[in-house]
Ligand code: 6PG
C-alpha cells in the first residue's frame with residue numbers, strides 16, 4: 001500500500017538524519033540505499049513501521065503516495081545523475097525529485113532541462129547545518145517552480161530549523177536558485193571561517209593570549225554582535241585540550257592539527273562564479289586562496305626556512321579592536337555574498353528575495369548569526385539596496401569600526417602577521433568607497449598600447465582614442 005509521505009534516497013549521515021528528522025515530525029518516510037548493508041544498519045538502529053525499508057526503486061515508487069516526493073541525499077556529481085536515471089522510468093508526471101546535496105548550480109540547470117519534458121518536477125535544494133542540523137532542523141534552500149514549493153512547503157517547514165522569524169526554509173527562486181543560494185552560503189562560510197582564523201591567530205600570536213583567555217574572548221564576542229554558531233564553536237575549540245600526544249591534556253588540540261585546510265569545492269565555485277559575473281568578491285576569494293596556500297605545506301616550510309623571521313608582537317591593538325575589525329570584515333563578506341546573489345538572480349531570472357534568504361539563514365545553517373536579523377531587516381526596508389554595507393545602520397557601524405579595523409590591518413602587516421581576508425575586506429571597502437579611483441591610468445595604458453579607447457569625465461558618452469606619444473609633456 002502507498003503510505004509514505006516522501007522518500008529519502010541515500011542513507012549516509014546527512015540522508016539518514018534527514019529521514020529521521022522527517023520521521024520525527026510524524027511523517028512516513030520510504031528510505032533506500034544502494035548498498036544494502038547501509039540500509040540494514042539504518043533499520044537495525046532506527047527501525048520503525050513509518051520508516052519503510054525499500055530495497056529497489058520500484059519498491060520505493062510503490063511505497064509513495066502520489067504525487068510522489070523523492071529527496072536525493074547522494075554525493076553531488078555523477079551519483080545524482082545516476083539516481084535520476086534510475087528513478088525516471090519509475091515515476092510519473094507531477095512527481096517531484098528534490099536534490100538535497102551540494103550540487104553545483106549549472107548541474108541543477110541541466111537536470112531541470114532534462115526533466116522538464118518528462119513532466120517530472122525537479123527541485124535543487126541546499127541543505128545546511130551538518131549532521132546535527134539534518135537531524136534536528138537544518139536550514140533548507142529549495143529552488144524550482146513555485147507550485148512544487150507550495151506542495152513541499154508543509155513537509156519542509158515541519159523539518160526545518162525554526163528561528164524567531166519562522167521556519168528556516170523558503171522558496172529561493174526559479175530553477176537552480178536553491179543550489180546557487182547554498183553555494184553562496186558556503187562562500188560566506190569560507191569568509192567567516194578565514195576571518196575568525198586570522199583573528200584567532202592575532203589574539204594568540206600577536207597579543208599572546210593563552211587558551212583560557214582565548215575562550216573567554218570568543219565567548220564574550222559570541223554574546224554580542226558577532227554572536228554566531230562559528231564564533232560559539234571557536235570558543236570551545238581554542239581551549240580544548242589535546243587528548244593524546246606527549247603533552248596529553250596540557251596543550252590545545254588545535255596545535256596538534258596540521259594547518260592544511262580541506263575544501264570540497266563550494267567556496268571555489270563561489271569565487272569562480274563571481275569572477276565570471278564580474279562581481280568583486282575580495283573577502284571570499286581571499287578565503288579560498290588562503291585555503292589553497294595552506295595546502296602548500298612543503299613550499300611553506302621551505303619559505304619559512306629561507307625567510308626565517310617570526311612575526312613580532314602586535315603593537316597598539318586591543319582585543320576590542322580585533323572585535324571591531326572582525327565585525328567590519330564580516331560585514332564586507334556578507335555584502336559581497338549578497339551582491340553576488342542579487343547579480344545571479346538578475347542574470348538568471350531567479351527572482352530571489354534577499355530578505356528571505358537572510359531570514360532562513362538565522363537558524364539551522366553553519367553561518368547562522370545574530371546579525372542576520374539586521375540583514376533581513378535591511379533588505380525588507382529596501383529590497384533594492386545595492387550593497388548591504390550601504391544600509392544606514394550598517395554604514396554607521398562601519399564608520400565606527402573603521403579606525404580599529406585600520407589599526408589591526410596596519411599593525412598586523414607591520415609585524416608580519418598574514419591577514420589576507422581582513423586586509424582584502426578593507427581594500428574592498430576602501431576601493432568601493434572611492435568615487436574616483438586609479439582605473440583612469442589603466443584606461444590610459446590600454447589606450448596607449450592597444451588603442452582600446454576611453455571615455456572622458458567631461459563627455460562620458462564619447463569614445464576617445466589618443467596618440468599618446470604625440471602629446472606634449474607637462475613641465
Ligand atoms: C553546511 C556546510 C556543508 C559543507 C561543509 C564542508 O552548510 O552544512 O557548508 O555543506 O560541506 O561546510 O565544506 P568544505 O569541505 O568545502 O569546507
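The values are calculated or read from the model by the stated rules, or taken from the named source; none is laboratory data. Remember, it's a predicted structure, so these values are computed and weren't measured experimentally. Every residue, glycine as well, gets a Cβ built from its backbone with ideal geometry; the counts of neighbours run over all protein chains shown.
General remarks:
- Single residue of segment 109-143 satisfying the filter (within 16 Å of the ligand (Cβ to nearest atom) and in a helix (DSSP H, G or I)) that is surrounded by the fewest Cβ atoms within 10 Å (Cβ to Cβ): 132
- Of all residues in segment 1-16, those being surrounded by fewer than 22 Cβ atoms within 10 Å (Cβ to Cβ) and assigned to a helix (DSSP H, G or I) number 1.
- Take the conditions (1) within 16 Å of the chain's Cα centre (by Cα); (2) in a helix (DSSP H, G or I); (3) loosely packed, with under 15 Cβ neighbours inside 10 Å; residue 287 misses just one of them, which is (3).
- Taking every residue in segment 303-326 that is exposed (fewer than 10 other Cβ atoms within 10 Å of the Cβ) and pairing it with any residue that is modelled with pLDDT of 95 or more and assigned to a loop (DSSP other than H, G, I, E, B), at least 6 positions away or on another chain, the pairs with Cβ-Cβ distances below 9 Å are 309/416; 310/416.
- Residue within segment 58-80 that is modelled with pLDDT of 95 or more, within 16 Å of the ligand (Cβ to nearest atom) and assigned to a strand (DSSP E or B) present: yes
Okay, residues lined up against (1) touching a strand residue (DSSP E or B) at 6+ places or on another chain (Cβ under 6 Å); (2) within 28 Å of residue 292 (Cα to Cα); (3) exposed (fewer than 15 other Cβ atoms within 10 Å of the Cβ):
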position	(1), (2), (3)
383	no, no, yes
390	no, no, no
397	no, no, no
401	no, no, no
407	no, yes, no
413	no, yes, yes
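- Residue ID - farthest from the ligand (Cβ to nearest atom), chosen from residues in segment 93-108 that are over 27 Å from residue 65 (Cα atoms) and not in a loop (DSSP other than H, G, I, E, B): 106
- Within segment 137-162, residues that are more than 21 Å from residue 183 (Cβ to Cβ) have Cβ atoms under 6 Å from residues that are part of a helix (DSSP H, G or I) and within 16 Å of the ligand (Cβ to nearest atom) in these pairs: 159/21, counting only partners at least 6 apart in sequence or on another chain.
- Pair list, Cβ under 6 Å, 6 or more apart: segment 255-277 residue in contact (Cβ under 8 Å) with a residue 24 or more places away in the chain, other residue surrounded by fewer than 15 Cβ atoms within 10 Å (Cβ to Cβ) and assigned to a helix (DSSP H, G or I): 260/297
- Selection within segment 261-280 - assigned to a loop (DSSP other than H, G, I, E, B) and either away from the ligand (no atom under 12 Å from the Cβ) or under 14 Å from the mean Cα position of the chain (by Cα) (or both): 263, 264, 265, 278, 279, 280
- The requirement of being closer than 28 Å to residue 355 by Cβ, out of contact with any strand residue (DSSP E or B) (no Cβ under 9 Å at 6 or more places or on another chain) and away from the ligand (no atom under 13 Å from the Cβ) is satisfied by residue 232.
- Taking (1) out of contact with any helix residue (DSSP H, G or I) (no Cβ under 9 Å at 6 or more places or on another chain); (2) part of a loop (DSSP other than H, G, I, E, B) in turn, residue 147 satisfies each apart from (2).
- Residues in segment 249-260 that are in contact with a strand residue (DSSP E or B) (Cβ under 7 Å, 6 or more places away or on another chain) and either near the ligand (Cβ under 10 Å from one of its atoms) or part of a helix (DSSP H, G or I) (or both): 253 only.
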